[in-house]
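Working notes, beginning with the structure itself.
The values are calculated or read from the model by the stated rules, or taken from the named source; none is laboratory data. Since we're looking at a predicted model, the values are computed, not measured. Quick reminder, even Gly has a Cβ in these numbers, built from the backbone with ideal geometry, and neighbours come from all protein chains shown. These accessible areas exclude ligands, DNA and RNA; they are computed on the full protein's heavy atoms, side chains included. Shrake-Rupley method; radii C 1.70, N 1.55, O 1.52, S 1.80 Å.
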Amino acid sequence: MAEAFPNIPKIPYEGPKSKNPLAFKHYNPDEVIEGKPMKDHFRFSVVYWHTFRNLLTDPFGAGTAIRPWDDGSNSVQNAQQRVRAAFEFFEKLGVSHYAFHDRDVAPEASTLRETNRNLDEVVKVFKEEQQRTGIKLLWGTAFLVGNPRYVHGAATSCNADAFAFAAAQVKKALEVTYELGGDGYVFWGGREGYSTLLNTDLKRELDHYGRFLRMAADYKKKLGFKGQFYIEPKPKEPTKHQYDFDAAACLNFLRQYDLIDDFKLNIEANHSTLAGHTMHHEMEYAAAAGKLGSIDANIGDPLLGWDTDQFPTDIYTATLSMLSILKMGGFVTGGVNFDAKVRRESFEPEDLFHAHIAGMDCFAVGLKAAAAIRADGRLDEFINQRYGSWSDGVGAEIESGKADFESLEKYMLEKGEIDKNSSGRQEYLESVVNDLIYQAAAAK
Ligand code: XUL
Ligand code: CO
(Lines give C-alpha, C1' and ligand atoms only; values in the text may rest on other atoms or scores of the structure.)
(Ligands and ions follow the chains in the order given, each with its own letter.)
Protein backbone atom coordinates (compact mmCIF):
# COMPACT_ATOMS: atom_id res chain seq x y z
CA MET A 1 0.00 0.00 0.00
CA ALA A 2 1.22 3.53 -0.80
CA GLU A 3 2.00 5.70 2.20
CA ALA A 4 -1.06 7.32 3.76
CA PHE A 5 0.89 10.40 4.87
CA PRO A 6 3.58 10.66 2.15
CA ASN A 7 4.57 14.25 2.90
CA ILE A 8 4.98 13.80 6.61
CA PRO A 9 8.21 12.49 8.12
CA LYS A 10 8.66 11.01 11.58
CA ILE A 11 7.96 13.87 13.99
CA PRO A 12 11.24 14.94 15.62
CA TYR A 13 11.84 16.77 18.89
CA GLU A 14 13.34 20.18 18.11
CA GLY A 15 12.97 22.06 21.41
CA PRO A 16 10.99 25.15 22.51
CA LYS A 17 12.60 27.52 20.00
CA SER A 18 11.53 25.51 16.95
CA LYS A 19 8.86 26.95 14.68
CA ASN A 20 8.50 23.76 12.67
CA PRO A 21 4.80 22.85 12.93
CA LEU A 22 5.65 19.18 12.44
CA ALA A 23 8.07 18.96 15.37
CA PHE A 24 7.71 18.60 19.11
CA LYS A 25 8.74 21.65 21.10
CA HIS A 26 8.43 20.04 24.54
CA TYR A 27 7.78 16.32 24.16
CA ASN A 28 11.20 14.75 24.17
CA PRO A 29 10.44 11.02 24.51
CA ASP A 30 13.74 9.96 26.09
CA GLU A 31 14.21 12.95 28.41
CA VAL A 32 14.27 11.63 31.95
CA ILE A 33 11.95 13.21 34.51
CA GLU A 34 11.77 11.90 38.06
CA GLY A 35 13.88 8.95 36.99
CA LYS A 36 11.75 7.88 34.03
CA PRO A 37 11.72 8.77 30.31
CA MET A 38 8.85 11.03 29.30
CA LYS A 39 7.40 8.40 26.98
CA ASP A 40 6.96 5.98 29.90
CA HIS A 41 5.28 8.62 32.04
CA PHE A 42 2.59 9.12 29.41
CA ARG A 43 2.18 5.88 27.44
CA PHE A 44 0.42 8.10 24.87
CA SER A 45 -2.43 6.47 23.01
CA VAL A 46 -4.26 7.44 19.80
CA VAL A 47 -7.92 6.47 19.46
CA TYR A 48 -9.10 4.66 16.38
CA TRP A 49 -12.67 5.97 16.44
CA HIS A 50 -11.99 9.69 16.20
CA THR A 51 -8.77 9.59 14.24
CA PHE A 52 -9.61 6.91 11.70
CA ARG A 53 -13.41 6.64 11.63
CA ASN A 54 -14.74 10.09 12.34
CA LEU A 55 -15.55 11.90 9.11
CA LEU A 56 -16.24 15.10 11.06
CA THR A 57 -19.98 15.20 10.65
CA ASP A 58 -22.09 17.29 13.00
CA PRO A 59 -25.88 17.30 13.52
CA PHE A 60 -26.17 20.03 10.88
CA GLY A 61 -23.78 18.92 8.21
CA ALA A 62 -22.00 16.16 6.33
CA GLY A 63 -18.49 14.97 7.07
CA THR A 64 -15.67 17.16 5.83
CA ALA A 65 -12.67 14.93 6.48
CA ILE A 66 -10.26 14.16 3.64
CA ARG A 67 -8.86 10.66 4.19
CA PRO A 68 -7.16 9.54 0.95
CA TRP A 69 -6.27 6.06 2.24
CA ASP A 70 -9.94 5.23 2.88
CA ASP A 71 -12.04 4.15 -0.14
CA GLY A 72 -15.24 4.99 1.76
CA SER A 73 -16.59 1.46 1.50
CA ASN A 74 -17.69 -0.79 4.31
CA SER A 75 -15.52 -3.67 3.12
CA VAL A 76 -13.18 -5.75 5.23
CA GLN A 77 -10.40 -4.91 2.79
CA ASN A 78 -10.86 -1.19 3.36
CA ALA A 79 -10.90 -1.83 7.11
CA GLN A 80 -7.58 -3.69 6.79
CA GLN A 81 -6.09 -0.90 4.70
CA ARG A 82 -7.09 1.57 7.38
CA VAL A 83 -5.10 -0.40 9.95
CA ARG A 84 -1.93 0.07 7.89
CA ALA A 85 -2.63 3.79 7.59
CA ALA A 86 -3.27 4.00 11.32
CA PHE A 87 0.02 2.31 12.20
CA GLU A 88 1.90 4.59 9.81
CA PHE A 89 0.34 7.49 11.72
CA PHE A 90 1.20 6.02 15.16
CA GLU A 91 4.78 5.38 14.07
CA LYS A 92 5.34 8.80 12.54
CA LEU A 93 3.85 10.47 15.58
CA GLY A 94 5.88 8.26 17.91
CA VAL A 95 3.16 7.03 20.27
CA SER A 96 3.47 3.74 22.11
CA HIS A 97 -0.24 2.81 22.28
CA TYR A 98 -3.65 2.96 20.64
CA ALA A 99 -7.25 2.14 21.62
CA PHE A 100 -10.33 0.96 19.72
CA HIS A 101 -13.97 -0.12 19.88
CA ASP A 102 -14.87 -3.38 18.13
CA ARG A 103 -17.12 -1.57 15.64
CA ASP A 104 -14.50 1.06 14.76
CA VAL A 105 -12.15 -1.45 13.30
CA ALA A 106 -14.33 -3.90 11.38
CA PRO A 107 -17.68 -3.62 9.62
CA GLU A 108 -20.79 -4.88 11.35
CA ALA A 109 -22.60 -7.44 9.15
CA SER A 110 -26.17 -8.70 9.19
CA THR A 111 -25.41 -11.54 11.61
CA LEU A 112 -23.29 -11.64 14.74
CA ARG A 113 -21.40 -14.64 13.37
CA GLU A 114 -20.39 -12.76 10.23
CA THR A 115 -19.56 -9.62 12.21
CA ASN A 116 -17.24 -11.67 14.42
CA ARG A 117 -15.59 -13.14 11.32
CA ASN A 118 -15.01 -9.63 9.94
CA LEU A 119 -13.43 -8.63 13.22
CA ASP A 120 -11.11 -11.64 13.15
CA GLU A 121 -9.96 -10.74 9.63
CA VAL A 122 -9.03 -7.21 10.69
CA VAL A 123 -7.47 -8.32 13.98
CA LYS A 124 -4.98 -10.37 11.94
CA VAL A 125 -3.67 -7.14 10.42
CA PHE A 126 -3.55 -5.44 13.84
CA LYS A 127 -1.45 -8.33 15.07
CA GLU A 128 0.95 -8.02 12.16
CA GLU A 129 1.28 -4.27 12.56
CA GLN A 130 1.79 -4.56 16.33
CA GLN A 131 4.56 -7.08 15.73
CA ARG A 132 6.16 -4.95 13.04
CA THR A 133 6.17 -1.72 15.08
CA GLY A 134 6.08 -2.75 18.76
CA ILE A 135 3.10 -0.43 19.26
CA LYS A 136 0.65 -1.81 21.82
CA LEU A 137 -3.05 -1.79 22.58
CA LEU A 138 -3.76 0.36 25.66
CA TRP A 139 -7.32 -0.91 25.86
CA GLY A 140 -10.10 -2.34 23.80
CA THR A 141 -13.81 -1.84 24.21
CA ALA A 142 -17.17 -2.68 22.63
CA PHE A 143 -19.42 -0.09 21.03
CA LEU A 144 -22.80 -0.64 22.70
CA VAL A 145 -24.20 2.71 21.67
CA GLY A 146 -24.70 3.18 17.95
CA ASN A 147 -26.79 0.24 16.75
CA PRO A 148 -30.59 0.80 17.10
CA ARG A 149 -30.89 -2.47 19.03
CA TYR A 150 -29.39 -0.56 21.96
CA VAL A 151 -31.93 2.25 21.80
CA HIS A 152 -32.99 1.55 25.42
CA GLY A 153 -29.49 0.71 26.58
CA ALA A 154 -27.38 -2.44 26.41
CA ALA A 155 -26.86 -4.03 29.84
CA THR A 156 -29.59 -1.76 31.25
CA SER A 157 -32.11 -2.21 28.43
CA CYS A 158 -35.73 -3.12 29.21
CA ASN A 159 -35.27 -5.76 26.49
CA ALA A 160 -33.46 -8.84 27.84
CA ASP A 161 -32.33 -9.75 24.32
CA ALA A 162 -30.37 -6.50 24.11
CA PHE A 163 -28.56 -7.54 27.30
CA ALA A 164 -27.79 -10.93 25.75
CA PHE A 165 -26.54 -9.40 22.50
CA ALA A 166 -24.34 -6.97 24.43
CA ALA A 167 -22.95 -9.88 26.46
CA ALA A 168 -22.04 -11.71 23.24
CA GLN A 169 -20.47 -8.56 21.84
CA VAL A 170 -18.37 -7.85 24.95
CA LYS A 171 -17.31 -11.51 25.12
CA LYS A 172 -15.88 -11.24 21.60
CA ALA A 173 -14.31 -7.82 22.28
CA LEU A 174 -12.61 -9.26 25.36
CA GLU A 175 -11.26 -12.18 23.36
CA VAL A 176 -9.88 -9.86 20.70
CA THR A 177 -8.34 -7.52 23.28
CA TYR A 178 -6.73 -10.52 24.95
CA GLU A 179 -5.44 -11.84 21.63
CA LEU A 180 -3.82 -8.49 20.88
CA GLY A 181 -2.18 -8.36 24.32
CA GLY A 182 -4.18 -5.32 25.41
CA ASP A 183 -3.18 -3.71 28.72
CA GLY A 184 -6.80 -3.07 29.62
CA TYR A 185 -10.46 -3.03 28.70
CA VAL A 186 -12.87 -0.11 29.13
CA PHE A 187 -16.58 -0.06 29.91
CA TRP A 188 -18.19 3.23 29.00
CA GLY A 189 -21.94 3.05 29.40
CA GLY A 190 -23.15 5.59 26.86
CA ARG A 191 -26.74 4.36 26.89
CA GLU A 192 -26.64 2.79 30.35
CA GLY A 193 -28.96 5.33 31.91
CA TYR A 194 -32.34 6.83 31.13
CA SER A 195 -34.20 9.64 29.40
CA THR A 196 -37.19 9.63 31.76
CA LEU A 197 -37.90 7.89 35.04
CA LEU A 198 -41.56 7.67 34.02
CA ASN A 199 -40.73 4.57 31.95
CA THR A 200 -37.70 3.31 33.90
CA ASP A 201 -37.19 0.78 36.69
CA LEU A 202 -33.96 2.32 37.97
CA LYS A 203 -33.23 -0.29 40.63
CA ARG A 204 -33.73 -3.16 38.18
CA GLU A 205 -31.47 -1.52 35.60
CA LEU A 206 -28.71 -0.99 38.15
CA ASP A 207 -28.99 -4.63 39.24
CA HIS A 208 -28.72 -5.71 35.60
CA TYR A 209 -25.65 -3.55 35.06
CA GLY A 210 -24.05 -5.07 38.16
CA ARG A 211 -24.87 -8.56 36.86
CA PHE A 212 -23.43 -7.73 33.42
CA LEU A 213 -20.12 -6.51 34.80
CA ARG A 214 -19.90 -9.55 37.09
CA MET A 215 -20.30 -11.80 34.04
CA ALA A 216 -17.60 -9.84 32.24
CA ALA A 217 -15.21 -10.15 35.19
CA ASP A 218 -15.92 -13.88 35.44
CA TYR A 219 -15.32 -14.38 31.72
CA LYS A 220 -12.08 -12.41 31.93
CA LYS A 221 -10.80 -14.89 34.52
CA LYS A 222 -11.92 -17.83 32.43
CA LEU A 223 -10.09 -16.39 29.44
CA GLY A 224 -6.93 -15.82 31.48
CA PHE A 225 -6.90 -12.16 30.42
CA LYS A 226 -4.76 -10.23 32.92
CA GLY A 227 -5.46 -6.71 31.61
CA GLN A 228 -7.07 -4.06 33.81
CA PHE A 229 -10.84 -3.45 33.66
CA TYR A 230 -11.91 0.20 33.82
CA ILE A 231 -15.19 2.05 34.04
CA GLU A 232 -15.15 5.43 32.32
CA PRO A 233 -17.52 7.83 34.14
CA LYS A 234 -19.68 10.24 32.17
CA PRO A 235 -22.80 12.01 33.46
CA LYS A 236 -24.81 12.45 30.27
CA GLU A 237 -24.74 12.36 26.46
CA PRO A 238 -26.08 10.48 24.65
CA THR A 239 -28.37 9.53 27.57
CA LYS A 240 -29.89 12.31 29.70
CA HIS A 241 -28.71 10.65 32.89
CA GLN A 242 -26.01 7.98 32.84
CA TYR A 243 -25.51 5.61 35.77
CA ASP A 244 -21.71 6.03 35.61
CA PHE A 245 -22.17 9.72 36.38
CA ASP A 246 -18.81 10.52 37.96
CA ALA A 247 -16.00 8.88 39.95
CA ALA A 248 -18.03 8.93 43.16
CA ALA A 249 -21.10 7.31 41.56
CA CYS A 250 -18.94 4.64 39.89
CA LEU A 251 -17.08 3.78 43.08
CA ASN A 252 -20.33 3.51 44.99
CA PHE A 253 -21.79 1.27 42.27
CA LEU A 254 -18.71 -0.96 42.20
CA ARG A 255 -18.80 -1.36 45.97
CA GLN A 256 -22.53 -2.02 46.05
CA TYR A 257 -22.27 -4.81 43.49
CA ASP A 258 -19.08 -6.26 44.92
CA LEU A 259 -17.05 -5.40 41.82
CA ILE A 260 -14.59 -3.02 43.45
CA ASP A 261 -11.62 -5.40 43.26
CA ASP A 262 -12.15 -6.04 39.55
CA PHE A 263 -12.17 -2.44 38.28
CA LYS A 264 -10.34 0.86 38.23
CA LEU A 265 -11.51 4.10 36.64
CA ASN A 266 -10.58 5.69 33.34
CA ILE A 267 -11.11 9.39 34.00
CA GLU A 268 -11.86 11.70 31.07
CA ALA A 269 -11.32 15.47 31.30
CA ASN A 270 -14.35 16.41 29.19
CA HIS A 271 -16.63 14.04 31.14
CA SER A 272 -15.39 15.52 34.41
CA THR A 273 -16.43 19.03 33.44
CA LEU A 274 -19.78 17.75 32.11
CA ALA A 275 -20.35 16.34 35.62
CA GLY A 276 -19.64 19.74 37.14
CA HIS A 277 -16.16 18.78 38.37
CA THR A 278 -12.63 19.49 37.31
CA MET A 279 -10.43 16.74 35.87
CA HIS A 280 -8.18 17.24 38.90
CA HIS A 281 -11.10 16.60 41.27
CA GLU A 282 -12.10 13.41 39.47
CA MET A 283 -8.53 12.11 39.35
CA GLU A 284 -7.91 12.85 43.02
CA TYR A 285 -11.25 11.32 44.00
CA ALA A 286 -10.42 8.12 42.10
CA ALA A 287 -6.84 8.09 43.42
CA ALA A 288 -8.04 8.52 47.02
CA ALA A 289 -9.81 5.16 46.61
CA GLY A 290 -6.74 3.60 44.95
CA LYS A 291 -8.73 3.41 41.71
CA LEU A 292 -7.11 5.88 39.32
CA GLY A 293 -6.19 3.65 36.39
CA SER A 294 -5.97 5.61 33.15
CA ILE A 295 -7.04 8.91 31.60
CA ASP A 296 -8.76 10.19 28.48
CA ALA A 297 -7.10 13.55 28.08
CA ASN A 298 -9.55 15.33 25.76
CA ILE A 299 -11.08 18.54 27.06
CA GLY A 300 -14.36 20.41 26.45
CA ASP A 301 -15.14 23.97 25.49
CA PRO A 302 -16.32 26.12 28.41
CA LEU A 303 -18.87 27.82 26.17
CA LEU A 304 -20.41 24.59 24.87
CA GLY A 305 -22.34 22.21 27.09
CA TRP A 306 -21.51 18.94 25.39
CA ASP A 307 -18.70 16.49 24.85
CA THR A 308 -16.65 18.37 22.26
CA ASP A 309 -13.68 15.99 22.66
CA GLN A 310 -11.03 18.60 21.93
CA PHE A 311 -7.32 17.97 22.02
CA PRO A 312 -5.84 18.90 25.39
CA THR A 313 -4.19 22.29 24.96
CA ASP A 314 -5.00 23.56 28.44
CA ILE A 315 -1.64 23.55 30.20
CA TYR A 316 -3.19 24.08 33.62
CA THR A 317 -5.35 20.95 33.40
CA ALA A 318 -2.43 18.95 31.98
CA THR A 319 -0.18 20.09 34.85
CA LEU A 320 -2.66 19.15 37.55
CA SER A 321 -3.41 15.84 35.82
CA MET A 322 0.28 14.96 35.75
CA LEU A 323 0.60 16.04 39.37
CA SER A 324 -2.03 13.42 40.29
CA ILE A 325 -0.28 10.79 38.16
CA LEU A 326 3.15 11.50 39.68
CA LYS A 327 1.65 11.49 43.16
CA MET A 328 0.20 8.02 42.67
CA GLY A 329 3.54 6.73 41.38
CA GLY A 330 2.74 6.72 37.65
CA PHE A 331 0.56 4.63 35.39
CA VAL A 332 0.74 0.86 35.68
CA THR A 333 -1.54 -0.39 32.90
CA GLY A 334 -3.01 3.01 32.00
CA GLY A 335 -1.85 5.93 29.89
CA VAL A 336 -2.75 9.30 28.42
CA ASN A 337 -5.32 8.44 25.78
CA PHE A 338 -6.31 11.09 23.24
CA ASP A 339 -10.04 10.43 23.00
CA ALA A 340 -10.10 13.58 20.92
CA LYS A 341 -11.19 14.70 17.49
CA VAL A 342 -10.04 17.51 15.26
CA ARG A 343 -12.57 20.28 14.61
CA ARG A 344 -14.85 19.89 11.58
CA GLU A 345 -12.95 22.79 10.00
CA SER A 346 -9.60 20.96 10.44
CA PHE A 347 -10.30 18.41 7.74
CA GLU A 348 -6.91 17.71 6.15
CA PRO A 349 -4.83 14.64 7.08
CA GLU A 350 -2.04 16.90 8.34
CA ASP A 351 -4.40 18.30 11.00
CA LEU A 352 -4.35 14.90 12.71
CA PHE A 353 -0.63 15.46 13.31
CA HIS A 354 -1.00 19.07 14.45
CA ALA A 355 -3.69 18.05 16.91
CA HIS A 356 -1.72 15.21 18.50
CA ILE A 357 1.53 17.21 18.55
CA ALA A 358 -0.33 20.01 20.39
CA GLY A 359 -1.70 17.53 22.93
CA MET A 360 1.62 15.76 23.48
CA ASP A 361 3.54 19.02 23.84
CA CYS A 362 0.92 20.32 26.27
CA PHE A 363 1.25 17.18 28.40
CA ALA A 364 5.05 17.42 28.24
CA VAL A 365 4.94 20.94 29.70
CA GLY A 366 2.38 19.67 32.21
CA LEU A 367 4.72 16.87 33.28
CA LYS A 368 7.70 19.21 33.61
CA ALA A 369 5.62 21.69 35.60
CA ALA A 370 4.20 18.95 37.83
CA ALA A 371 7.70 17.59 38.52
CA ALA A 372 8.87 21.16 39.25
CA ILE A 373 5.97 21.67 41.68
CA ARG A 374 7.00 18.52 43.52
CA ALA A 375 10.71 19.44 43.55
CA ASP A 376 9.96 23.00 44.65
CA GLY A 377 8.02 21.64 47.63
CA ARG A 378 6.12 24.83 48.53
CA LEU A 379 2.71 23.32 47.81
CA ASP A 380 3.36 20.14 49.79
CA GLU A 381 4.88 22.11 52.63
CA PHE A 382 1.90 24.43 52.72
CA ILE A 383 -0.54 21.52 52.85
CA ASN A 384 1.50 19.79 55.58
CA GLN A 385 1.49 22.94 57.67
CA ARG A 386 -2.19 23.56 57.00
CA TYR A 387 -3.03 20.18 58.52
CA GLY A 388 -0.42 20.56 61.29
CA SER A 389 -3.10 20.39 64.01
CA TRP A 390 -3.61 16.73 63.15
CA SER A 391 -0.02 15.67 63.87
CA ASP A 392 -0.34 15.66 67.66
CA GLY A 393 -2.75 16.54 70.44
CA VAL A 394 -6.45 16.25 69.78
CA GLY A 395 -5.97 15.81 65.99
CA ALA A 396 -3.76 12.75 66.44
CA GLU A 397 -6.24 11.33 68.96
CA ILE A 398 -9.10 11.70 66.46
CA GLU A 399 -7.11 10.22 63.59
CA SER A 400 -5.96 7.24 65.64
CA GLY A 401 -9.50 6.52 66.84
CA LYS A 402 -8.77 7.28 70.51
CA ALA A 403 -11.18 10.20 70.74
CA ASP A 404 -14.97 10.05 70.94
CA PHE A 405 -17.75 12.62 71.26
CA GLU A 406 -17.50 12.62 75.06
CA SER A 407 -13.74 13.18 75.16
CA LEU A 408 -14.05 15.92 72.55
CA GLU A 409 -16.81 17.66 74.49
CA LYS A 410 -14.62 17.56 77.63
CA TYR A 411 -11.66 18.90 75.62
CA MET A 412 -13.67 21.81 74.21
CA LEU A 413 -15.37 22.65 77.51
CA GLU A 414 -11.91 23.02 79.05
CA LYS A 415 -10.34 24.84 76.11
CA GLY A 416 -13.28 27.18 75.43
CA GLU A 417 -12.47 28.15 71.82
CA ILE A 418 -10.61 26.64 68.91
CA ASP A 419 -7.07 27.63 67.91
CA LYS A 420 -7.00 30.49 65.42
CA ASN A 421 -7.65 29.59 61.76
CA SER A 422 -5.10 30.81 59.22
CA SER A 423 -5.44 31.88 55.60
CA GLY A 424 -5.89 29.30 52.83
CA ARG A 425 -3.65 31.49 50.59
CA GLN A 426 -5.30 30.30 47.38
CA GLU A 427 -4.10 33.20 45.24
CA TYR A 428 -0.53 32.86 46.51
CA LEU A 429 -0.55 29.14 45.70
CA GLU A 430 -2.00 29.82 42.25
CA SER A 431 0.86 32.21 41.59
CA VAL A 432 3.40 29.57 42.67
CA VAL A 433 1.87 27.08 40.24
CA ASN A 434 1.76 29.67 37.45
CA ASP A 435 5.42 30.62 37.96
CA LEU A 436 6.47 26.99 37.76
CA ILE A 437 4.39 26.48 34.61
CA TYR A 438 6.00 29.53 32.95
CA GLN A 439 9.44 28.15 33.79
CA ALA A 440 8.59 24.66 32.57
CA ALA A 441 7.28 26.03 29.27
CA ALA A 442 10.45 28.06 28.73
CA ALA A 443 12.89 25.31 29.82
CA LYS A 444 14.89 23.43 27.27
C1 XUL B 1 -17.52 8.82 24.85
C2 XUL B 1 -16.20 8.27 25.21
C3 XUL B 1 -15.92 6.91 24.66
C4 XUL B 1 -15.07 6.06 25.54
C5 XUL B 1 -14.84 4.66 24.99
O6 XUL B 1 -17.75 10.07 25.37
O7 XUL B 1 -15.42 8.91 25.86
O8 XUL B 1 -15.36 7.06 23.41
O9 XUL B 1 -13.82 6.63 25.76
O10 XUL B 1 -16.03 4.03 24.68
CO1 CO C 1 -13.44 8.60 26.49
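Some observations on this one:
- Residues located in the stretch 274-309, provided they are open to solvent by 10 Å² or more (accessible area, probe 1.4 Å), within 13 Å of ligand 1 (Cβ to nearest atom), over 13 Å from the mean Cα position of the chain (by Cα) and over 20 Å from residue 248 (Cβ atoms): 306
- Every residue from the stretch 245-268 that is in contact with a strand residue (DSSP E or B) (Cβ under 7 Å, 6 or more places away or on another chain), open to solvent by 10 Å² or more (accessible area, probe 1.4 Å) and within 16 Å of ligand 2 (Cβ to nearest atom): 264
- Counting only helices (runs of 4 or more DSSP H) that sit wholly inside the stretch 292-399, those with at least 2 residues that are more than 30 Å from residue 66 (Cβ to Cβ) and touching a residue at least 60 places away in the same chain (Cβ under 8 Å) are 315-327, 349-376.
- Output for the stretch 311-328, where each listed residue is open to solvent by 10 Å² or more (accessible area, probe 1.4 Å) and within 13 Å of the chain's Cα centre (by Cα): 311
- Number of the exception - residue 271 against (1) closer than 21 Å to residue 340 by Cβ; (2) of a type outside the set (D, E, K, R); (3) surrounded by fewer than 22 Cβ atoms within 10 Å (Cβ to Cβ): (3)
- The set of residues in the stretch 1-35 being open to solvent by 50 Å² or more (accessible area, probe 1.4 Å), more than 26 Å from the chain's Cα centre (by Cα) and of a type in the set (A, V, I, L, M) consists of 1, 2.
- Condition check for residue 242: under 23 Å from residue 167 (Cβ atoms), of a type in the set (S, T, N, Q), within 16 Å of ligand 2 (Cβ to nearest atom) and open to solvent by 30 Å² or more (accessible area, probe 1.4 Å): no
- Selection count where residues are open to solvent by less than 40 Å² (accessible area, probe 1.4 Å), over 16 Å from the mean Cα position of the chain (by Cα) and either under 15 Å from residue 345 (Cα atoms) or away from ligand 2 (no atom under 16 Å from the Cβ) (or both), scope the stretch 36-62: 5
- Scanning the stretch 180-203 for residues that are away from ligand 2 (no atom under 13 Å from the Cβ), under 19 Å from the mean Cα position of the chain (by Cα) and open to solvent by 50 Å² or more (accessible area, probe 1.4 Å) returns a single hit, 191.
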